[in-house]
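Derivation of every value follows stated rules applied to the coordinates shown; laboratory data play no part. Keep in mind that this is a model prediction, so the values were computed, not measured. Virtual Cβ from ideal backbone geometry, glycine too; neighbours counted across all protein chains shown.
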Amino acid sequence: LPQPKKLLFTLFKRKERADIPRDAAHPRYDDIARGGARPTPVEIDPETDIAVFQYTGGTTGVPKGAMLTHANLSANLEQLRTLFADARPGEEKKLCVLPFFHVFAMTVAQNLSVAIGAEMVLLPRFELKMLLDTIKRKKVTLFPGVPTIYTAINSSPVARNYDLTSIKLCISGGAPLPVEVKEEFEGRTGCILVEGYGLTEASPLVAANPLNENRRSGSIGLAAPGTTIGFRDLEDLTRDAPEGEKGELVVSGPQIMAGYYNRPEETARALEGGVLHTGDVGYRDADGFIYLVDRIKDLILCSGYNVYPRVIEEAIYQHPSVEEVIVIAIPDTYRGQAPKAFVKLREGAELTADELKTFLKDHLSAIERPQEIEFRDSLPKTMVGKLSKKELVEEEAARRAAAAEG
């Protein structure tokens, strides 16, 4: 923690410090360094020996332990080094605000920093003023994050008082990056902010935009080196979708997990046909850039048509009063399902549901426009700051069940 927080914490919150036992199971770094002994090398097979059990976030079900081998992590690190080819070895300062237990932070923040000799500027959690103070004081140059962090900076009047121009390269992961958020953040800082795409099961990087003028807004970019991406027909996942048409994104490459720990049936489903089935719907353009449309599980079926929540969310983000939005499916007696939007407004902004619906008439078709709009002071997030639909889906289902019983 920066001063004076470090001193105040020591004085007033001493009880919150972890009591770490002094035994053989908890060696101190200083003790190891003083010992001077050379550890006995351990024989491993990088292709098959597991380096880490990396648990999935559980936003779409029960968390599963993805078994990532040493070769998986090493390959993904080399793929990242290619993406960050312009980073200056030994000279960069990387802001590490995402928790290292998350696969994105482990690889992009922690492992890549070690590989390129970047100084890791560690923060215990995301707290806006502390983050801004740290960027100003340390002159951070690399800043991996999630969309909600960039959104918070864009929306904060306080952030306008800070010089953030030391930031040069940023990669956003964990959730879709709204085009409006990307462009506003780049305008404020002068940096390059790109969207990448990955999964716990892929160590995690699968695709990313180039960190140069060839990047494309709204796209997750190009396949990582050595990675093969295909698209499967949504009606028959054993067949490839026609080129340029929407399908389930499937991946193969050296970064793909060995399987889920103690879950053979789910491993077989995820890796059916020798490829990783991501559950994400997308397509590839003529130049090889990949665009995600939505999760298969999140599709809203309106009168037989596929409606994609991400398309609706992108349209709502275009309204200047909106800070965050989540769209889910709700039951509809006529159409089967309909979209519902949960919206958080920017600080000091005012907007009614009718005004937002009127705005969306120029951005969405009638079937895509939300049937219901609910404004919230905050929206649920995961521990890494990713907007989470799960809680809202459960809450909505419980509310409707209670209404039906009453």
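Here are some notes:
- Projected label points at THR333 and GLU391, each 7 Å from Cα along the beta carbon direction, are separated by 3.2 nanometres.
- Distant-in-sequence amide H partners of ASP49 (H built 1.01 Å from N, under 5 Å): HIS70
- For GLU368, no residue has an amide H sitting under 5 Å from its own, ignoring neighbours fewer than 5 places away on the same chain, with H placed 1.01 Å from N.
- Couplings for the range 76-83, taken from phi via the Karplus curve 6.51 cos²θ - 1.76 cosθ + 1.60 with θ = phi - 60°, read 5, 5, 5, 5, 5, 4, 5, 4 Hz in order; Gly and Pro are left as x.
- Close amide H contacts of VAL250 (hydrogens built in the peptide plane, cut-off under 5 Å, sequence separation of 5 or more or a different chain): GLY230, PHE231, ARG232.
- Integer Hz, Karplus 6.51/-1.76/1.60 couplings in order for the range 140-151, x for Gly and Pro: 4, 10, 10, 9, x, x, 10, x, 5, 6, 5, 4
- Tilt relative to the chain, helix 179-189 - C-alpha long axis, 0 to 90 degrees, to 10: 40 degrees
- Extension gain, ASN306 to ASP23: 0.36 nm times the residue separation minus the Cα-Cα distance gives 96.1 nm.
- Each Lys and Arg Cβ is given +1 and each Asp and Glu Cβ -1; about its Cα centre, the chain then shows a dipole of about 1820 debye.
- Shape analysis of the range 50-296 based on the Cα gyration tensor places the equivalent ellipsoid semi-axes at 31, 20, 16 Å, largest first.
- GNM remark for the chain: springs join alpha carbons under 10 Å apart, and the peak mean-square fluctuation among GLY35, GLY247, GLY259 falls on GLY35.
- Modelled label positions at THR82 and MET383, each set 7 Å beyond Cα in the direction of Cβ, lie 3.2 nm from each other.
- Which of LYS129, LYS15, LYS389, LYS381 has the fewest Cβ neighbours within 10 Å, and the rest in rising order: LYS15, LYS129, LYS381, LYS389
- Between the Cα long axis of helix 128-138 and the first principal axis of the chain there is an angle of about 40°, rounded to the nearest 10.
- 3J(HN,Hα) couplings calculated from phi for the range 301-307 with the Karplus curve 6.51 cos²θ - 1.76 cosθ + 1.60 (θ = phi - 60°) are, in sequence order, 9, 10, 6, x, 9, 7, 10 Hz; Gly and Pro show x.
- D by Stokes-Einstein for the range 299-405, Kirkwood Rh over Cα pairs, 25 °C, 0.890 mPa s: 171 µm²/s.
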